[in-house]
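The values are calculated or read from the model by the stated rules, or taken from the named source; none is laboratory data. As the structure is a computational prediction, the values presented were derived from the model and not from experiment. Using ideal geometry, Cβ is built from the backbone for each residue, glycine included, and neighbour counts are taken over all protein chains shown. In case anyone asks, the SASA skips ligands and DNA or RNA and just uses the protein heavy atoms, side chains included. Shrake-Rupley method; radii C 1.70, N 1.55, O 1.52, S 1.80 Å.
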Amino acid sequence: MLLKNRIAKSAMSDSLGDGRGNPTDPQINLYRQWADGGLALAIIGEVQGNPSKAEKPGNLVLRDDADLPQFRRLAAAGSNKSAQLWLQLGDAGAMAHSPISTPKGPSALEVGALKCGALSLEEIKRYPSDFARTALLAKQTGFGGVQIHAAHGFLLSQFLSPLFNKREDEYGGPIENRMRLIIEVISEVRQQVGPGFPIGIKLNASDQLQGGLSEEDALEVIAALNETSLDLIDISGGTYFPGARAASDAVGKGPYFMDFARRARCLTSKPLMLTGGFKTYEQALDALSEGVDLIGLARALVLDPSLPTRWLEGDKQALTFPRFQDPPEGGVTAWYTMRLTELAEARNLSGPECLSEAMRAYEERDAARVKTWNARFKV
């Protein structure tokens, strides 16, 4: 695959599904906007193959009984102007949304409000074929590739983390064992989709949690991934574990994980995408000069979907990022998510002063969709 430039929309949980796991017309409109805005690649966050451990009731669920014509419409819209649209294949594991899911992770866990059971060995062994089946459907419905989600504290990231993974079998203990499921998933996905279909992975540089995945262990994973059939490694970091420090809280104004990307570049010949903290044209150029192959943008493209075109034309004017006064946990994410909804529905765009209204709308929408989701997926 030849990408037309080096700008990508990294995966975000846009929460624009219909509550039954299918794409909506506003979601299709949003990805068409991003394609028209000039980027080379967009990745749709948190697409489930199995609805039993979903992150939110606005996630997409791609399986045989989904609204496949609507998925094909989404794939076509996001491929406008020679852009590529990939699906991020995810499973929330221990952090699945409990009103619609049964949270289970590598090990049983109870930390504050976060509670989950442990996956059995039999359940773990099913994951490679589950991911592969969803990847094949993505290919059949017209998407350009898939990204395996192994970051931000979701299931495969949990297997990498000593904080989540206390197993004593072949999937726990040293990092060679903790990465075993990821390697098996990649192998099975490749077997199903064939050699010509791109497979990427999103990987944490660090969990930014005491006792979580360290940078040294993450670098061992990078070296191991270099021996697989992967086509793209997307470096990010942090986790949505309750109370965890967000990557955006990091000290400094540049890309959050640039130092890790420099170290990773020495360990792999795979194309590297770097996500997190890019705010200016100059930062993007600097990263490319240091061996990064693809610039991953998220919130910047919520503020300006046409930013890639501006950058490609040499427009260096910096974006103005909103500032929030003492936002509650999850508040900024809710604001950006509802801003996506406003873009998708061609509504007037709200400012940071509307944070409380955005949080209320975000929570009310999820509560309403829980009923729809459970009516669709729970027996």
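Couplings 3J(HN,Hα) for the range 180-192, derived from phi with the Karplus relation 6.51 cos²θ - 1.76 cosθ + 1.60 (θ = phi - 60°), are 4, 5, 4, 4, 5, 5, 4, 4, 6, 4, 4, 4, 6 Hz, where x marks Gly and Pro.
In this view, the solvent-accessible surface of Tyr362, computed with a 1.4 Å probe and all protein chains in place, comes to about 40 Å².
At full extension, Glu227 and Leu121 could sit 35.6 nm farther apart than now, given 0.36 nm per residue minus the alpha carbon distance.
Only Lys, Arg, Asp and Glu carry charge here, each on its Cβ (+1 for the first two, -1 for the last two); on that basis the chain has a dipole of about 700 debye about its Cα centre.
A Förster radius of 30 Å, combined with the Cβ-Cβ distance separating Glu282 from Arg360, puts the computed FRET efficiency at roughly 0.20. Every helix of 4 or more DSSP H residues in the chain counts as -39500 (n - 2.57), and over all residues that averages to -11500 deg cm²/dmol at 222 nm. Averaged over its residues, the chain has an accessible area of 41 Å² per residue, based on protein heavy atoms and a 1.4 Å probe. Spacing of the modelled spin labels on Ala368 and Glu110, each 7 Å from Cα toward Cβ, amounts to 3.6 nm. Full extension of the chain segment joining Ser187 with Asp169 gains 4.4 nm, where the gain is 0.36 nm per residue of separation less the Cα-Cα distance. Per-residue Karplus couplings for the range 348-355, computed as 6.51 cos²θ - 1.76 cosθ + 1.60 with θ equal to phi - 60°, are listed in order as 4, 8, 8, x, x, 5, 9, 4 Hz, Gly and Pro entered as x.
Each label was represented as a point 7 Å from its Cα along the Cα-to-Cβ direction; for Ser289 and Cys266 these points are 2.1 nm apart. Can you compute the FRET efficiency between Glu216 and Asn177 using 1/(1 + (r/R0)^6), with r the Cβ-Cβ distance and R0 = 22 Å? Round to the nearest 0.05. Here the calculated transfer efficiency is 0.90. Among Gln325, Gln317, Gln27, the residue with the largest mean-square fluctuation in a Gaussian network model of the chain, with springs joining Cα atoms closer than 10 Å, is Gln325. Reducing the range 305-329 and the range 1-50 to their Cα centroids gives an inter-centroid distance of 19 Å.
Extension gain, Ser98-Asn80: 0.36 nm per intervening residue step, less the Cα-Cα distance, totals 2.8 nm. Anisotropy class assigned to the range 171-308 is oblate, per the alpha carbon gyration tensor with a/c at or over the 1.5 cut-off and a/b no larger than b/c. Cα gyration tensor of the chain, axes a ≥ b ≥ c as square roots of the eigenvalues: rounded (a/c below 1.5), prolate (a/b > b/c) or oblate? It comes out rounded by the Cα gyration axes.
Rounded to whole numbers, the Karplus 3J(HN,Hα) couplings from phi for the range 356-372 are 5, 5, 5, 4, 5, 5, 4, 5, 5, 5, 4, 4, 5, 6, 4, 5, 4 Hz, using 6.51 cos²θ - 1.76 cosθ + 1.60 with θ = phi - 60°, and x at Gly and Pro.
With N counted as the residues of the range 51-120, its alpha-carbon radius of gyration over 2.2 N^0.38 Å works out to 1.43.
When the charge dipole of the range 289-350 is built from unit charges on Cβ atoms (+1 for Lys and Arg, -1 for Asp and Glu) and taken about the Cα centre, the candidate among Gly291, Pro328, Pro308 whose Cα reaches farthest toward its positive end is Pro328. What distance in nm separates the two pseudo spin-label positions at Phe321 and Asp36, each 7 Å out from Cα along the beta-carbon direction? Between Phe321 and Asp36, the simple spin-label model gives 2.8 nm.
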